[in-house]
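Down below is the structure, laid out as structure tokens.
What follows draws every value from the coordinates through simple rules; no lab data is involved. What you see is a predicted model, and the numbers here were worked out from it, not measured in a lab. Neighbour counts are summed over all protein chains in view; Cβ atoms, including those assigned to glycine, are modelled from backbone coordinates with ideal geometry.
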Amino acid sequence: MTEVTENSQVESRKVDHIRINLDKDVQFPHLTTGLERYRFLHQALPELDLEDIDMHLELFGKTLSAPLLISSMTGGTDMAHRINQNLAQVAQEHSIAMGVGSQRAAIEKSELAYTLQVRDLAPDILLFANVGAVQLNYGYDLAHCQRAVDMIEADALILHFNVLQEAVQPEGDTRFAGLLKKVEAVCKQLPVPVIAKEVGWGFSEATARDLANAGVAAIDVAGAGGTSWSEVEYHRAPTSFHARVAASFADWGIPTADSIQYVAAGAPDVKIIASGGLRDGIDVAKCIALGATMGGLAAPFLKAADQSPEAVDQLVRELKAQLQIAMLCSGAKNLDTLRQTPLYKV
């Protein structure tokens, strides 16, 4: 396969992924995030004023107005450029964090870098670059990781782990053996923090421990219960064989609520980012009470960004209001208090 053909396939796949996520039902058919099993104990007399609830967060040298992350979604296409611009504009206005989608296409075809470059619109936000971890077994090294960071002037680098997605793709990269040592080398040499991120199937306690020992600064659990990427791949499968194989994994994975607790047990000194099926500020509050530092959302932001910056702004305002009210009604004046607030199982 020529490099031009391979690059065009990566770009085409990015467009497919956006369209399928916007147009198809790609949620887990039965498996949930597990967050519905938890409740806050309502405090009818919190002895707090709503306006005094402090949602600010310091992370990787940046101050956020709330523990919210616009999770990594897309890049490498004109459509992705518009979406990322809409997201970045609002992230800047609200002082929240943002991750970009995989930068592989732009690393290998530099003229696509503009689709991910948002610093002109968002000079102050906490911004995460993004490279597939498995690419370290396909010729990528520290220089490629640094290129991804420099391309968007990022504050940290996400290495995303998507073993199931790669395995059900006909063109997937499936050589994962020996990857941990290469991840460790990047963590030791890259001058910005490294975040290990799943893409929707969660991390186990053992994997979290391995990643913490390798030197990652944060783990984004990206647990099961939201978008199922095996369902996405089912919709773009080129043959009935590939479709049936992908469909069989529709409910595979570790629910988000469980993965947060596994990671907290396996990597107690590592920051936890909770994502995977979060849909409102109450979900974010629950994740923080379970041990996370912040919560990330992707699908709701993708749908909003496909409409307009105004739709993204409305979503962020709703998330902030929901989180603030959840903190008030559970008696948590700030995020440290929220992290110590017990949940009960139902």
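In table form, for the structure just shown:
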{"item": "Integer Hz, Karplus 6.51/-1.76/1.60 couplings in order for the stretch 206-215, x for Gly and Pro", "result": "5, 5, 4, 5, 4, 5, 5, 5, 6, x"}
{"item": "Pairs from 24/109; 188/286; 286/320; 286/333; 24/303; 62/320 whose Cα-Cα separation, in the structure shown, is over 22 Å", "result": "24/109; 188/286"}
{"item": "Protection proxy ranking of 219-230, 109-120, 270-281, 18-29 - average other beta-carbon atoms within 10 Å, highest first", "result": "219-230, 270-281, 109-120, 18-29"}
{"item": "Distance (nanometres) between label positions extended 7 Å along Cα→Cβ at residue 333 and residue 311", "result": "4.0 nm"}
{"item": "Packing rank of 198-204, 329-335, where each peptide gets the mean count of other beta carbons within 10 Å, highest leading", "result": "198-204, 329-335"}
{"item": "Folded to 0 to 90 degrees: helix 142-152 orientation relative to the chain principal axis, Cα", "result": "60 degrees"}
{"item": "Cα long-axis angle, helix 256-266 against the chain (0 to 90 degrees, to the nearest 10)", "result": "90 degrees"}
{"item": "Cβ-placed point charges (K, R +1; D, E -1), dipole of the chain about Cα centre in debye, nearest 20", "result": "640 debye"}
{"item": "Taking 175, 209, 37 and counting other C-beta atoms within 10 Å, the order from fewest to most", "result": "175, 37, 209"}
{"item": "Ordering of 95-105, 249-259 by packing [mean C-beta count within 10 Å, highest first]", "result": "95-105, 249-259"}
{"item": "Antiparallel DSSP beta bridges within the stretch 29-345, as percent of all bridges there, nearest 5", "result": "20 percent"}
{"item": "Separation of alpha-carbon centers, the stretch 23-93 and the stretch 230-274, rounded to whole Å", "result": "19 Å"}
{"item": "Folded to 0 to 90 degrees: helix 179-189 orientation relative to the chain principal axis, Cα", "result": "70 degrees"}
